[in-house]
Amino acid sequence: MGYKSISVIVTDAATDGPAVSAALAIAAREDAHLDLHCIGIDPTRYEMAPMGATAVLLDSGLAEARERSEALAEWVRGQLPLTPVRASVVPAIASSVGYESMIARLARYSDLIVAARPYGTGRGLLSVSTVEAVLFGTDAPVLIVPPDGGAFGKPFSRIVAAWDEGDESLSAIRKAIPMMQAAEHVDIVIVDPQTHSPERSDPGGMLCVMLARHGIRAEVSILSRTLPRISEVLTRFLRDRDAEALVMGAYGHSRFRQAILGGPTRDMLETAELPLIMAH
């Protein structure tokens, strides 16, 4: 089991550069095919258009979006290495209406989707919508690359997986098995395990059995929530273990709730200094 079809959704050359570089390195390493979808957004607000002006606005908006997608495609082609990588650069036009559905369709057949961190300097709602589209619409693992990039030419050596017994956590861990099989060390970290859980007598035990059957030996660490946020507890553990990547489920609570009140997914997407492997 491996990642043989990798996708990147490119909407901005400035912010998506680390994701493109990471995907190229992984594709070369895995002998995988890489699809680079270069998206130009139609800026037209049709609901605001005066009667009779729709055709003019349609032509103008589509032309602007096409120009944008072709410019991104030209930039992406310039990033392709001289050594052979099987890559397709695909310009595409999207409307703000139905954007997430279109992005999900483009990437749904991928084994792995690589994306830039959606929060931070220069990033906006489009970056967030792109990441949420692939998380909720593809059933594929999403590798979130931090702004500083990283070394992706070889597999991650030390991986930490966050475990809370939820469906999202299990989905992320299951889809990250190829990465964990290649790692030298895997930690399963549990923050404040549930007191009434069926697994309370052996937290993480059944998960370790599942991973062991894939040849992965994992160590379980149970942590108390000694800091205000779960993300802060995880970040401290990651630093203590010199981890190179974190596997975690995405949006165990609703996106709206996390957008307003915060949550581990939102916090890690805002602050993580290393790659995140996520799934919903």
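No value in this document is a laboratory result; all are computed from the given coordinates. These figures come from a predicted structure and were not determined experimentally. Heads up, the Cβs are rebuilt from the backbone with ideal geometry, glycines too, and the neighbour counts pull from every protein chain shown.
So, counting K/R as plus one and D/E as minus one, what does the shell of residues with Cβ under 13 Å around G40 add up to? Don't skip to the answer; put the middle values down first.
On the way: positive: R66, R68; negative: D12, D42, E64, E67, E70, E74.
Charge balance near G40 sits at -4.
In this structure, the amide hydrogen of I188, modeled 1.01 Å from its nitrogen in the peptide plane, lies closer than 5 angstrom to those of A161, E219, V220, S221, counting only residues at least 5 positions away or on a different chain. 3J(HN,Hα) along region 97-102, derived from phi through the Karplus expression 6.51 cos²θ - 1.76 cosθ + 1.60 where θ = phi - 60°, amounts to 7, x, 4, 5, 5, 5 Hz, with x in place of Gly and Pro. Each Cα pair under 8 Å and six or more residues apart adds its sequence gap; the mean of these over the residue count of region 131-280 is a relative contact order of 37 percent. Annotation: amide H-H contacts under 5 Å for D35 (H modelled 1.01 Å from N, sequence separation of 5 or more, or interchain): I6, S7, V8, S88.
Here the Karplus relation 6.51 cos²θ - 1.76 cosθ + 1.60, evaluated at θ = phi - 60°, turns the backbone of region 151-167 into coupling constants of 9, 10, x, 9, x, 4, 8, 10, 10, 10, 10, 7, 10, 10, 6, x, 4 Hz, with x for every Gly and Pro. Near V85, no amide H atom lies under 5 Å from its own; only residues 5 or more places off or on other chains count, and H is placed 1.01 Å from N.
The alpha-carbon positions of region 158-279 define a convex hull whose volume is 101 Å³ per residue. In order along region 15-21, the Karplus-derived 3J(HN,Hα) couplings, from 6.51 cos²θ - 1.76 cosθ + 1.60 at θ = phi - 60°, round to 9, 8, x, x, 5, 5, 4 Hz, and Gly and Pro are given as x. Sorting K154, K175 by the number of Cβ atoms found within 10 Å of their own Cβ, with the fewest placed first, yields K154, K175.
Binning the C-alpha pair distances of the chain at 5 Å intervals from 0 yields a P(r) profile of 1, 6, 12, 16, 18, 15, 12, 8, 5, 3, 2, 1, 0, 0 %, listed from the shortest bin outward.
Determine the relative contact order of region 123-183: mean sequence separation of Cα pairs under 8 Å and six or more apart, normalised by residue count, in whole percent. Over region 123-183, the number comes to 34 percent.
Kirkwood's formula applied to the C-alpha pairs of region 93-187 gives a hydrodynamic radius of 14.8 angstrom. Counted by Cβ distance under 13 Å from S101, the other residues give a net charge of 0, where Lys and Arg count +1 and Asp and Glu count -1. The angle between the Cα long axis of helix 125-137 and the main principal axis of the chain comes to about 60°, on a 0 to 90 degree scale. Averaging the sequence gap over all C-alpha pairs within less than 8 Å and six or more residues apart, then dividing by the number of residues, gives the chain a relative contact order of 19 percent. Among T11, V114, A25, which residue has its Cα furthest toward the positive end of the charge dipole of region 5-145, with +1 on Lys/Arg Cβ and -1 on Asp/Glu Cβ? The listed residue farthest towards the positive side: A25.
A simple count of charges around E270, restricted to other residues whose Cβ falls under 13 Å of its Cβ and scoring Lys, Arg +1 and Asp, Glu -1, yields +1. Considering only Q194, A250, V209, the residue lying farthest towards the positive end of the dipole of the chain is V209, judged by Cα position with unit charges set on Cβ.
Axis angle, to the nearest 10 degrees, between helix 230-240 and the longest C-alpha principal axis of the chain: 70 degrees.
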